[in-house]
1. Answer with yes or no whether residue 328 is acidic (Asp, Glu), touching a residue at least 12 places away in the same chain (Cβ under 8 Å) and loosely packed, with under 13 Cβ neighbours inside 10 Å.
2. Could you check region 304-324 and list, in sequence order, the residues that are crowded, with 21+ Cβ neighbours inside 10 Å and assigned to a loop (DSSP other than H, G, I, E, B)?
3. Please work out which residue is nearest to the chain's Cα centre (by Cα), limiting yourself to region 13-36 and to residues that are among the β-branched types (Val, Ile, Thr) and either assigned to a helix (DSSP H, G or I) or assigned by TED's automatic domain parsing to the domain that holds residue 57 (or both).
4. Within the set of pairs 6 or more residues apart or between chains, which connect a residue that is hydroxyl-bearing (Ser, Thr, Tyr) inside region 417-436 to a residue that is surrounded by fewer than 17 Cβ atoms within 10 Å (Cβ to Cβ) with Cβ atoms less than 6 Å apart?
5. With respect to residue 171, is the statement that it is buried (at least 18 other Cβ atoms within 10 Å of the Cβ), among the β-branched types (Val, Ile, Thr) and either assigned by TED's automatic domain parsing to the domain that holds residue 68 or in contact (Cβ under 8 Å) with a residue 40 or more places away in the chain (or both) true?
6. Select from region 69-79 the residues that are surrounded by fewer than 20 Cβ atoms within 10 Å (Cβ to Cβ) and touching a residue at least 60 places away in the same chain (Cβ under 8 Å) and list them in ascending order.
7. Here are the criteria: (1) surrounded by 13 or more Cβ atoms within 10 Å (Cβ to Cβ); (2) without any contact (Cβ under 8 Å) to a residue 24 or more places away in the chain. Tell me which single one residue 334 does not satisfy.
8. Hey, among 66, 25, 15, which residue is farther than 30 Å from residue 149 by Cα, surrounded by fewer than 18 Cβ atoms within 10 Å (Cβ to Cβ) and among the aliphatic types (A, V, I, L, M)?
Amino acid sequence: MRIRGTCPGCCQDRALPGLRPVDGAAICTTCVGFSQTFDCSRCGFEGKPLGGRLCEHCTLADRLTALLDDGTGRVRPELIPLFDLLIAMDKPSSGLAWLALRHDQPGNASERLRQLGLGQIPLTHDAFHELQPWRSAAHLEELLMASGALPAVDKYICTFQRWLPGHLADIADPEHAKTIKLFATWCVLPPLRARADRSRITPSIRRFAAEQIKYATAFLQWLGKRNTSLASCGQIDVDAWWAENNEHSRNDLRAFLNWAMQSRYCRRSLSIPAMKATRRASLSEDERLDVLGRLLTGQDTPKNLRVAGVIVLLYAQPLTRIVRLTVDDVVHDGEAALLRLGEPASPIPEPAASLLLDYIADRDHMNTATNQASSWLFPGRRAGQPFRPDHLSALLNEIGVPAAAARGAAIRQQLLEIPAPVVADALGYHDKTTTRLLKETGGTWSRYAAGNHLRSPSGWASQRTDDS
């Protein structure tokens, strides 16, 4: 009864539970000769009936009304946007399954919705950061933000603030916990919030913030084992930490030591060794073309990974930008297909254009509560959220597409063929970045001037006419 379409017998849009004996085509109940009707007793929708001969839409609406009841027999007014969002999903069976998930365990969706309806959980982000299990709480928080019942806040700041109290609670020394809380409040969180206001937080930025907290905690515990405090920490202690830990750990500790010196929590005379610049490996041009050919022809690879990999290999885009692309960034006029990454939009060659257009017609994860109307080119599992770039990176690595190396090979080839200013404009890079990369690749466009070459400089045309 969930199969719907145009019946080949009566040409009406209906549920198609029957099979035509001649060719096995799915047909409606009338054409197959069923005497029983499957119309909803409330709304008349023809579909799979549930208890009380109600369709799945009406059953979901009744279930949500009961859960979000504020005690008056009606949905709590502040939660009406959430109610409208959930009952609008194309597949209400998904919503019913979500409400039934782990119904016998604390913190399940039904219990949280009931608590929201009764006002036992305040409609604030801070209240959701206290809830456990945090994953189900985070999903409900994102639904509330998508519906407008909660103000939109960057999801990665939310996850960081949800993680921090648990980390502080695990620190045995109260003085260490106090120091780490001050460091997080005055040094780590302000840049995160400023970045979120300016653009967006990526998983790598959120992960780096958490690692700064972790290594600052580890450093304080390490000092304690040496019978040393942060206040008495000397240069010999810093040098010993640098000698015992890898480059990654040392880099994550820099912000804490700088903050501690500026805030007078330790000696201001400490010297922090300079960072070492490291160059990322890159694919050769033959390797890039080999991977590109495999993605364009590999039918066994999921289409979303093929499309994402092709965008990396052709246009040198970071995954943090790729997951933010929307279907509106793909321009198709019936003849040519363009991808809007900068100005002008970049042409998409065949067969990559056909692959991209086929994928748009059948994107993944479009059946969640808010994704049925999502414009994300790569919609994620979370309501209204795009695919996570770190998850996409891991999946691309599994199919043999190292994103960072592939991106390096693609931008290098672009700069060998096209002037750096043109590459910067078309692919959304900063011109200083492409100029620096051009010098590293030994390109031949170093004398190419940026700007509009179709327009003559002011006064040049008239001067040329006078001279002639």
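The values are calculated or read from the model by the stated rules, or taken from the named source; none is laboratory data. Everything quoted here is computed from the prediction, not taken from an experiment. Cβ placement follows ideal geometry from the backbone for every residue including glycine, while neighbour counts extend to all protein chains displayed.
1. Yes; evaluated as a whole, the condition is true for this residue.
2. 316, 317, 323
3. Checked region 13-36; the qualifying residue nearest to the chain's Cα centre (by Cα) is 29.
4. Once the first residue is hydroxyl-bearing (Ser, Thr, Tyr) and sits in region 417-436, no partner that is surrounded by fewer than 17 Cβ atoms within 10 Å (Cβ to Cβ) comes close enough.
5. Judged against the criteria, residue 171 is not a match.
6. The answer is 78, and nothing else.
7. It fails just one condition, (1).
8. Exactly one of 66, 25, 15 is farther than 30 Å from residue 149 by Cα, surrounded by fewer than 18 Cβ atoms within 10 Å (Cβ to Cβ) and among the aliphatic types (A, V, I, L, M), namely 25.
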